[in-house]
Structure formats: structure tokens, C-alpha cells
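Down below is the structure, laid out as C-alpha cells.
The values are calculated or read from the model by the stated rules, or taken from the named source; none is laboratory data. Not measured: the values here are computed from a predicted model. Here Cβ is always computed from backbone atoms with ideal geometry, including for glycine, and neighbour counts include all displayed protein chains.
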Amino acid sequence: MRVLPALVLLAACSVSERPTGPAPDLSAPPATPAPIDDPAQPAPSDQGDPDLPTLPVDPGGAGLAAYELPLVSDAGVIADGVAISGIGDMAHAGLGSVSCDIYTTYGSIGSDYYDAGDDTVVDVGIVGVGEAWLAITPGLVNVHPVGSGQTSQSYSVAGVTDARFTEDGFVAVARTTTGCLAGWFDDAGNVLGTVHFEAGLCDGSFAADPVTGLAWLASDRGVIELAPGDTRVVHPGVGAHLAYDGDALYVGEVDGHLSSLASDGAVRWSVDMGAPIQALAADPANGALFAAVDSFQRQVHMLDAADATELGAFSYSLPAKHLAVSAGGTRLALATTSDVRFHDIIEN
């Protein structure tokens, strides 16, 4: 997991109570992890693909972007993971020793939680009748309802490196003594299924379908699809960032290639962004995808998810770490190596 020490520029707020859920019984992994089904895949070219289309730009043809993306606020904190609420008014960020709310209109820091160290915020979703944040701390997956004065629920998952909400509960990736493990859990922390796979593949970008529970992990073997008892490589790209929007899996590679994959792994479209992709976030509400690209002038591009036509863009100065979009498609969070910035998403 991408865990960095963080500088918190505001004193910690009061920490809410954190009852700990039952420790799941993860059975010992087999002596030999299940082999990853790796069908023959063409190796990505170091020279680029001359037939790969470049990014379509200026859809209106008159210099007017389809969307404006103005800066709203800038929180002066270094975040390890960020998620943003459905209406975009609040975000939650991992700040090293704590995880804190951020009021996105003002960039001000609110309540903090967990207080366990190495906090990483990984997701936001609907739990019960309301929204909740999902964060990982050493050996724990933490669920906290959005809003102050709420009570966190934590579940013991030894070696956890990442997690995402599912309709049943959550799916998590963890290191084991012999390799890596993906586990599916219900909302009481009971294990629904697991798959073990080889060591060294636990720490890449992670995405999951909250409805089916199918998950994907980026690795130096390519993009691996994870399901209980089964793994397979669905894309050869390495050093990738992943995003999922309920319909397509998006793969952004260090060589600048950005692809949209169907559920069966078929490539719907692929473009060359011209520079390494640092972060991705899907925006289903607007039928869009956001990509932070480490070009000479670093830019976040808003693309049409159907064909990669550019809908809008803005520049940023320091390397991007994370992108997140509100479920309502109204506000974007960009975490860099120095701050967390919030931008409105406004259709022209």
C-alpha cells in the first residue's frame, strides 16, 4: 500500500470510540499459492503503438471545454488516500497518524478517527442507510459513518494492504507469511471467500465491483482479476493505476497508455496520454473518467468514458497521489505530495 508519513498542519480533534469487530478466521494459505491464469498477451511496446490514437481534444471545436473544473479550496495536508462524500461537501483523508474529515468548500479539517498510525483512506460507500468511509490501519479495516459523532467499526485483517466496499461488506488484499491473499467479508466480518496468490503482488493499485465483488489488482504481472478461488491476468499493462465505474475497468499505465476494458477483458478503447499516468478516478454520474498525467505541464484530464474525448482539464504543480470524485459528480479531490485540492465539476 502507498503509505507515507504525513505532516498534519492542524491539531488532532477528539477521537471517536472504536469497538473492534470479530477477528475473521483466515485459514492458512496453501504451501503453493494458486497459479495465476496468464493467457498469452502481447507485451506492451517500449516504442509506443503507432496505431494507438492520441487523446481527442476540444470536442466543441471552438476552444470551449465541455466542463469547467475551478479550484474551490486547498487543504494544506499530505494525504495518504482520500475519499469524498456523495454530495461533495466532505472528504476523508489519511494523514499518517490519524484519518481526518475535510470540509471541501473551505479546506478546513474536522474530526479525526482510528488514531492507530499509518492511516490510509481507501473508499466511501453506502452502508445500511447512510454513507461510510473505509480506511485501513495496521491489521485493521475500519468503517466509519460519514459525519461527526459517529462510531467506527473495525475488523481484524492481518497484513491488510488495501480494501473496497462491496454490497455484502468489503473485499481486502493482505500479505500472508507465504504470499498474498484476497478475502471477501460480510458486514459482520465473516469470511465469504478467499484466494491466495504469489508473493510480491499485494501492493498495486486496487479496484472492485461493489455489486459482484469481483476485484482487480495491478502488478508487475499485469492487471490481475481476483475472485474467490480464482485469479487471471486480464491486461498486460504494468505499473498501472485502476478505476472502475460499474461498467468498465480503466487501466492507466506508466508509459501513458490509458485503456477501457469490458467485463470480459476486451479493450473498448485505448489512447496514449503522452506521459505517465499518476492517478485515475471514475465519474459515473457524468459518464466520465479523470486521469492525472505527469506531462511537462502536469494536468488532470476529464475524459468521456465512452471514447476518451477530452471534456475539460486543469494543471497542478506537484506529483499526484490520489484522485476521488463525489458520487453525484459535483466535486473532485486531488491529493498531491504537498496538499489536497478540491475542484468543482461544472458542465458548460
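A few comments on the model shown:
- Among the residues here, Val238 does not qualify as of a type in the set (Val, Ile, Thr) and within 18 Å of Leu323 (Cβ to Cβ).
- Checking Val238 against (1) in contact (Cβ under 8 Å) with a residue 24 or more places away in the chain; (2) among the aliphatic types (A, V, I, L, M); (3) under 25 Å from Ile345 (Cα atoms), the condition it does not meet: (3)
- So Asn286, is it polar (S, T, N, Q) and modelled with pLDDT of 95 or more: yes
- Pairs with Cβ under 8 Å, 6+ apart, first in the range 89-102 and touching a residue at least 12 places away in the same chain (Cβ under 8 Å) and among the charged types (D, E, K, R), second surrounded by 22 or more Cβ atoms within 10 Å (Cβ to Cβ) and not in a strand (DSSP E or B): Asp89/Thr104
- The number of residues in the range 89-131 that are modelled with pLDDT of 90 or more and surrounded by 23 or more Cβ atoms within 10 Å (Cβ to Cβ) comes to 6.
- Selection within the range 162-184 - crowded, with 24+ Cβ neighbours inside 10 Å and not aliphatic (A, V, I, L, M): Asp162, Phe170, Cys180
- Filtered by the rule that a residue be of a type in the set (A, V, I, L, M) and either more than 19 Å from the chain's Cα centre (by Cα) or assigned to a loop (DSSP other than H, G, I, E, B) (or both), the range 156-175 gives Val157, Ala158.
- Top-ranked residue of the range 318-348 - restricted to ones that are of a type in the set (Asp, Glu) and over 18 Å from the mean Cα position of the chain (by Cα), ranked as surrounded by the most Cβ atoms within 10 Å (Cβ to Cβ): Asp344
- Some residue of the range 216-223 being modelled with pLDDT under 95, farther than 16 Å from Ala174 by Cα, surrounded by fewer than 18 Cβ atoms within 10 Å (Cβ to Cβ) and not polar (S, T, N, Q): yes
- Comparison of Leu217, Leu226 shows that the only residue that is in contact with a Gly (Cβ under 8 Å, 6 or more places away or on another chain), free of Cβ contacts under 8 Å to residues at least 60 places away in the same chain and under 25 Å from Trp133 (Cα atoms) is Leu217.
- Conditions (1) part of a loop (DSSP other than H, G, I, E, B); (2) crowded, with 20+ Cβ neighbours inside 10 Å: number failed by Ser260: (1)
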